[in-house]
1. Against the definition (in a helix (DSSP H, G or I), on the phi < 0 side of the Ramachandran plot and at pLDDT below 80), how does GLY174 come out, yes or no?
2. Take the conditions over 19 Å from VAL127 (Cβ atoms), out of contact with any Cys (no Cβ under 9 Å at 6 or more places or on another chain) and surrounded by fewer than 24 Cβ atoms within 10 Å (Cβ to Cβ) and apply them to ALA214. Does it pass?
3. Do we have ILE318 as β-branched (Val, Ile, Thr), in a helix (DSSP H, G or I) and at pLDDT 75 or above here?
4. Only residues that are touching a residue at least 40 places away in the same chain (Cβ under 8 Å) and more than 19 Å from ALA360 (Cα to Cα): list them for the range 181-205, please.
5. Check the range 162-170 and report whether any residue there is at pLDDT 80 or above, open to solvent by less than 20 Å² (accessible area, probe 1.4 Å) and polar (S, T, N, Q).
6. Tell me, which residue of the range 178-206 that is farther than 20 Å from VAL353 by Cβ and outside any helix (DSSP H, G or I) is most open to solvent (accessible area, probe 1.4 Å)?
7. Give the residues of the range 260-308 that are at pLDDT 85 or above, part of a loop (DSSP other than H, G, I, E, B) and open to solvent by 30 Å² or more (accessible area, probe 1.4 Å), sorted by residue number.
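The values are calculated or read from the model by the stated rules, or taken from the named source; none is laboratory data. Keep in mind the model is a prediction, meaning the values are calculated, not measured. Glycine gets a Cβ as well: all are built from the backbone with ideal geometry, and neighbour counts include every protein chain shown. Note: accessible area is taken over every heavy atom of the protein model, side chains too, but ligands, DNA and RNA are not part of it. Shrake-Rupley method; radii C 1.70, N 1.55, O 1.52, S 1.80 Å.
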Amino acid sequence: MKKPTPALPLLLLPLALLPIGVWGFSVGNKILIMLVLLISVAWDGRAIIIAPLRRYFLAGLLVLSILYLVALFQGVSQWWAVFVDSQFWLYLLFACLAIRRTAATIKSEQFLSALLRVQKIALFVGVIATGLHTLSGNTIWMNELGRLRYTGTLGPSGTAIHAITMLLPFLAVGVLLKKGSYLWLASACIAIIALTGTRIVLLAMVAACLPIIASIPERRTRWLILVFVGALGLFALSLAVGRSFFEGVYEVGSFNDNGRFYIWGVFLDVAMQSPWLGLGAGSANEFLVDQDTSVAFSQIHNDYLRIFFISGAIGLAIFAWIGLSMYRASRMLERGSSSADRCLSVIARAYIVAFFIMMATDNVFIYHFYIYPLIIVFIYSVSRKPNNTRLSDRITASNLNSLLHRRAG
């Protein structure tokens, strides 16, 4: 058997370092992840986009080209912001290349084991970092209306969303592969989400658990876990009373007071100046800086609006198409031959459900510690199934006739 390629630990290494992003390593983590993907591409000089990934690669390349060209013609001056606004598309392009060798040489059991090991390290690092963060006095975040949330090391929402990226693999393995120890780790992640998450994050957590529960073959077990998750979700929501995204906090009419409805309205008005192609990569951050926003609220907190702002209706349509096709592909991949393959495909689908809900009120799209696990897990799963096309697409009339003649002979 071939020895595992070093591309696997290289690809998964950044996940263990993500919880320390709040201490000034956020930019460093972004650079690290991009370098890891570049190194993984360079590791296999034969890296070619295999058939199931070609459409994602080409779609990402198209939107990235639009982003940079529009930014060039719009005169966007802050080119660091250009990188921030185009992170998802860059990760998509590099991951399509980098994952090929890993998927060809690493068994799904090895990949899943490595993913779980790294996520356990990330959970441990996050707990230690949060403890140190608490001892330094940065424990509770309170907004101007007096609502309390535990901060964690990535900020309140950031810590909760990162906990979801750890929860879903733990829960899927614990339930589908019947490994009870991972259910304890999943419970720890749920506790973190309950302490730090907003209601939209809690809703995303419960919704993301549904694809996992639906994949349980035993009907009785499925219903018991469904009731458990529902009760847990209600308990978490009760803890979050007074922290709703959809209460008076949105009615504040300024950028610096977390007035999200106000911000969304202003961004939509500006975006309509170029509704088809958007205003280019970097334009969202540049516009926020021009408004003299506070550090505490320096993003749109609505990824659909951000994508529309920087890449217009074309970019938003392509993004929606990628998301829907990813979900459809992950459902098809659940029919994989091994339990690890099926488990990875369910994890990918749960990630998609969670992220597309949270994108409505958070910055999931542009932050690497959210989107990176989804891209790596999903593209690995797709790469494991290079022949998942229909028979009619792979066999033409001519080679079918030659095959029949050969069998007859």
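1. no
2. For ALA214, the condition - over 19 Å from VAL127 (Cβ atoms), out of contact with any Cys (no Cβ under 9 Å at 6 or more places or on another chain) and surrounded by fewer than 24 Cβ atoms within 10 Å (Cβ to Cβ) - is met.
3. yes
4. TYR182, LEU185, ALA188, CYS189, ILE190, ILE192, ALA194, LEU195
5. Yes, some residue in the range 162-170 is at pLDDT 80 or above, open to solvent by less than 20 Å² (accessible area, probe 1.4 Å) and polar (S, T, N, Q).
6. LYS178
7. Within the range 260-308, MET272, GLN273, PRO275, TRP276, LEU277 meet the criteria.
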